Structures are given as structure tokens and as C-alpha cells.
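Engineer: Have a look at this one.
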Amino acid sequence: MTTASATTETTALASRLRLAVTRLARKLRQEAEPGITPSLLVALASIDRGGPMTIGDLCSVEQVQPPTMSRIVAALVETGLAVREPDPLDRRVAWVRATPEGVKLLQRSRKRKDVYLAKGFRGLAPRELAVLEEAAGILERLVEAGR
């Protein structure tokens, strides 16, 4: 195989994988907890994963502007999924953390998505499941390398 054909094949694989991952992500968003927007769910997951964080930290993690994140955090607080607490040493700083209700919502949402995927896996052959196991590791490495 020539270098040009290998590059073409790699590019075609990248395109197929991008499209499949995008479609899967869209379907998983549809399986998420009803009644909460994807933006709120992603921000809540980041807060839960990262522990209490400032809006500035959350903006960096989610790569959005402060006004957008302020609206998202306000909606999370209003719905009881997160709380804003002033920093005891610097009252200008507010820390955002997930409430127990927010954590429960995330757990339900994750479980719904896992169940959706597990149902799809039932029809796969053991060899296909092994391939998915290997692919999951490869995708995790790609994501980590891109940080």
C-alpha cells in the first residue's frame, strides 16, 4: 500500500468514525434525563466530576463565555440541582457544587444511557464485543492525548 492510499484510508476511517460517534452522542443525549437541557446536564456533570468550582473554572472546562455559564449556573441553582456558595475568604468568589438531587439526576441519566447501550450490545457476537472493548480503550487514549 502506498503512503497516499494509506492516508486516504486513514482519512476515510476518521470520517466514518466521526460520523458514528456524532450520531451515537446525539442518540445518547436523547436518552438523557427528560426535562433538562444538554447544556445544563453537561455543566452539572462537570461540576460533579470536578468538585466545587468557580464559574470561571467551569467556563474553562466547558469552553464557554462567563455570561453563558452564569445563565446555566443560575438555571441549575433555580432547579435545585446545584448551589452557589460564597468563598469564606473572598466574598467576590462563589463556588458552585452539585446538590444531592443533582447527583441523583446525573446517576439516573447515566443509567438510562448505559441501559440503552447495553440493549444494543445484546445482539452482538462475543468477537464484536471484544472489538468494542478494545475500541473503547483506544478512544479513551485519543481523548486523553487531545487534552
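Read the figures in this text as sums done on the coordinates, not as results from a lab. Just so it is clear, the model here is predicted, and its values are computed rather than measured. Cβ coordinates were reconstructed from backbone atoms using ideal geometry, including for glycine residues, and neighbour counts include every protein chain displayed.
Engineer: Given a 10 angstrom Cα cut-off, can you work out which residue in 32, 136, 82 is the most mobile in a GNM of the chain?
Structural biologist: 136
Engineer: Does the stretch 1-65 come out rounded, prolate or oblate by the C-alpha gyration tensor, with a ≥ b ≥ c the root eigenvalues, rounded set by a/c under 1.5 and, if not, prolate when a/b is larger than b/c and oblate if not?
Structural biologist: oblate
Engineer: With the crude spin-label approximation of a point 7 Å out along Cα→Cβ, what separation in nm comes out for residue 65 versus residue 25?
Structural biologist: 2.2 nm
Engineer: Between 17, 41, 117, where does the largest GNM mean-square fluctuation fall for the chain, given springs only between Cα atoms within less than 10 Å?
Structural biologist: Among 17, 41, 117, the largest mean-square fluctuation in the Gaussian network model of the chain belongs to 17.
Engineer: By the scheme Lys and Arg +1, Asp and Glu -1, what is the net charge of all other residues having a beta-carbon under 13 Å from that of residue 78?
Structural biologist: Result for the neighbourhood of residue 78: +1.
Engineer: In debye, nearest 20, what is the charge dipole magnitude of the stretch 24-145 about its Cα centre with +1 on Lys and Arg Cβ and -1 on Asp and Glu Cβ, if you could check?
Structural biologist: Charge dipole, the stretch 24-145, about its Cα centre: 440 debye, nearest 20.
Engineer: Moving on to the next point. What residue among 107, 30, 63 has the largest mean-square fluctuation in a Gaussian network model of the chain, using Cα springs under 10 Å?
Structural biologist: Checking each option, the largest mean-square fluctuation is seen for 63.
Engineer: In addition: Could you work out the local net charge near residue 87, counting Lys and Arg as +1, Asp and Glu as -1, over the other residues with Cβ closer than 15 Å to its Cβ?
Structural biologist: For residues surrounding residue 87, the net value is +1.
Engineer: Can you give the extra length, in nm with one decimal, that the chain gains between residue 15 and residue 111 once fully stretched, where that is 0.36 nm per residue apart less the Cα-Cα distance?
Structural biologist: Here the answer is 31.7 nm.
Engineer: With the Cα gyration tensor of the stretch 24-145 giving a ≥ b ≥ c as the square roots of its eigenvalues, does the rule (a/c under 1.5 for rounded; else a/b larger than b/c for prolate; else oblate) give rounded, prolate or oblate?
Structural biologist: prolate
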